[in-house]
1. Which lysines does residue 227 reach when only Cα atoms under 19 Å apart count, and residues fewer than 8 places away in its own chain are ignored?
2. Relative contact order, percent, of segment 199-284 when contacts are C-alpha pairs under 8 Å separated by at least 6 residues?
3. How big, on average over all directions, is the shadow cast by the Cα convex hull of segment 34-107, in nm²?
4. Normalised by the number of residues in segment 74-185, what is the relative contact order in percent for Cα pairs under 8 Å and 6+ residues apart?
5. Taking H as built 1.01 Å from N, whose amide H comes closer than 5 Å to the amide H of residue 111, not counting residues under 5 places away?
6. I'd like the Karplus ³J(HN,Hα) series for segment 13-19: coefficients 6.51, -1.76, 1.60, θ = phi - 60°, whole numbers in Hz, and an x wherever there's a Gly or Pro.
7. I'd like to compare 177-189, 197-209: which one has the highest average count of other Cβ atoms within 10 Å, and what's the full order after that?
8. Once every Cα of segment 88-169 carries one equal point scatterer and solvent is ignored, give the base-10 log of I(q)/I(0) from the Debye formula at q = 0.10, 0.16, 0.22 Å⁻¹, two decimals.
Amino acid sequence: MRAFGTTIFTEMSALAVRTGSINLGQGFPDTDGPAAMLERAAAAIREGANQYPPGPGVPDLRQAVSEHRKACYGLDYDPDGEILVTVGATEAIATSILALCEPGDEVIVFEPYYDSYAAAVALAGAVLRPVTLRPAEGRFTFDPAELRAAVGPRTRVILVNSPHNPTGTVLTRAELEEIALLCRERDLTAVTDEVYEHLTFDGVEHVPLATLPGMRERTVMISSAGKTFSVTGWKTGWVCGPSPLVRAVQTVKQFLTFTASAPWQLATAHALRHEMEWVSRQRAGLQAKRDR
């Protein structure tokens, strides 16, 4: 890990504090999430939810995630075996790569990419194969020929981030179909980072890769409470996928963090069921700020 040093987020946040600057270098909001969600977390602490929750996650949150996936995308995930709660999406990404890749395997990513991707691939002893996103007609996209050329005999995983950090692009259904076709043809597993799933602007639709034909059974789908509900400090994320893939991810996770904080899980379960209208208002407010 010597090549990675300190993350750019740590460097920029420290620089902002030192100089008194407005910090545009890290993706956290300056407002809290829904008041009822925060109160549910506080109540959970007062009520005694302060010991280890189950390794896969609090049952109530896994059930709420299952309901949310079904309501939003029509995807059915069994809360007992196909959903795993993680310490944020960053852990979900790292444990997925560690679980699915052997040394020498190759992982395709779209560049530029969130900085933890390269580190997770390095920890697994795997090889990063970037495919560059380039501006075209006012948005960033990839060349399908370049994507196909990046796939080799050792390619194991394609890591897809949409809505994308940092370009902001949202992959279209046609672009996702190109990725899905390649996954089916070459027997690749997709790991999808979808933490910004509810924060698209201008009516742009987010389409999960797992909803495309033949992709649910080969996709590890990652989401997070941090970006959706403006509670990045809670580090509460989850993985959804077919049980063999989720079981592999949990096998790795149990020896890293074992489990995630119980109060935040209970509060997130509440939010997924009762605070999506708050998310809609948050999205509208962010779009208005962008426009201004």
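The values are calculated or read from the model by the stated rules, or taken from the named source; none is laboratory data. These figures come from a predicted structure and were not determined experimentally. Cβ coordinates were reconstructed from backbone atoms using ideal geometry, including for glycine residues, and neighbour counts include every protein chain displayed. Ligands, DNA and RNA are excluded from the accessible area calculation, which covers all protein heavy atoms including side chains. Shrake-Rupley method; radii C 1.70, N 1.55, O 1.52, S 1.80 Å.
1. Partners found: 235, 289.
2. Taking the mean separation of contacting Cα pairs over the length of segment 199-284, I get 25 percent.
3. Mean shadow area of the hull around the Cα atoms is 7.0 nm².
4. 25 percent
5. It is 131, 132, 133, by chain and number.
6. Each residue's phi maps through the Karplus curve to give 5, 5, 5, 5, 5, 5, 9 Hz.
7. Per-residue Cβ counts within 10 Å, averaged per peptide and sorted highest first, yield 177-189, 197-209.
8. Those come out to -0.23, -0.59, -1.03, one per q.
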